[in-house]
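Heads up: the structure comes next, in structure tokens.
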Amino acid sequence: MYEVEIKVPAELEAVRERLRRVDAERVGARRQRDVYYDAPHREFAETDEALRVRHETVRPDGVETAEDDEGPDGDGEKPDGDETTRLTYKGPLLDEGSKTRSEHEAGVDDPEAMAEILDGLGFEPAATVVKRREYWAFREFTVTLDDVDGVGEFVEIEREIPETETIDATREAAVESLSRLGLDADKQVRTSYLGLLLADS
């Protein structure tokens, strides 16, 4: 499976209003804590790969903000919402006009055991990215409104495709859809949130 994605910096409230005007459907909001790992056998920064463990909590009640993450004990967690965990491998970028890459993902039933397995194999945590992500369905794409701790606000538009032959057509449709939302694909950021966070640290 391949994911065609374009990411641009944006003011989320303005994009949210445009999405409402074009009758896009809001389909949910989630808090994500992504732990990225370094590999013992090669440099992911050089090979343009990523290994990530994502801890995700559904936030059904309204738009999420950084303040909403502060739990009663100040630990950044709220008692509502069930957390799920997934392991993801992302391959190198395949397309200069977008963030298209191969992606493989699997659910994790025991996050602590997964962390121990990775540690035993020599994979070490490199950095953690925390974001609040709001999902909208627009045309045949998923549009996400991301508020990323230490990085800023971005909009991503993406669609999964089964084969590389449709990358160009899917990218062109994504560019046109972004334009409908008042966003310019020429301003896209191909650096990952991890890369942006590390660059600012």
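Total residues in segment 13-55 satisfying the condition of being surrounded by fewer than 18 Cβ atoms within 10 Å (Cβ to Cβ), under 16 Å from residue 146 (Cβ atoms), of a type in the set (A, V, I, L, M) and in contact with a strand residue (DSSP E or B) (Cβ under 6 Å, 6 or more places away or on another chain): the figure is 1.
Given the criterion more than 19 Å from the chain's Cα centre (by Cα) and either over 17 Å from residue 34 (Cα atoms) or surrounded by 18 or more Cβ atoms within 10 Å (Cβ to Cβ) (or both), identify the matching residue among 142, 166. Exactly one residue qualifies, and that residue is 166.
Filter segment 174-201 for residues that are hydroxyl-bearing (Ser, Thr, Tyr) and outside any helix (DSSP H, G or I); which is farthest from residue 51 (Cα to Cα)?
201
Scanning segment 171-201 for residues that are in contact with a Phe, Trp or Tyr (Cβ under 9 Å, 6 or more places away or on another chain) and either of a type in the set (S, T, N, Q) or loosely packed, with under 14 Cβ neighbours inside 10 Å (or both) returns 177, 192.
Each value in this text was obtained by applying a stated rule to the coordinates, not by laboratory testing. Only a predicted model underlies this, so the values are computations on that prediction, with no experimental measurement involved. Reconstructed Cβ throughout: ideal geometry from the backbone, glycine too, with neighbour counts over all protein chains shown.
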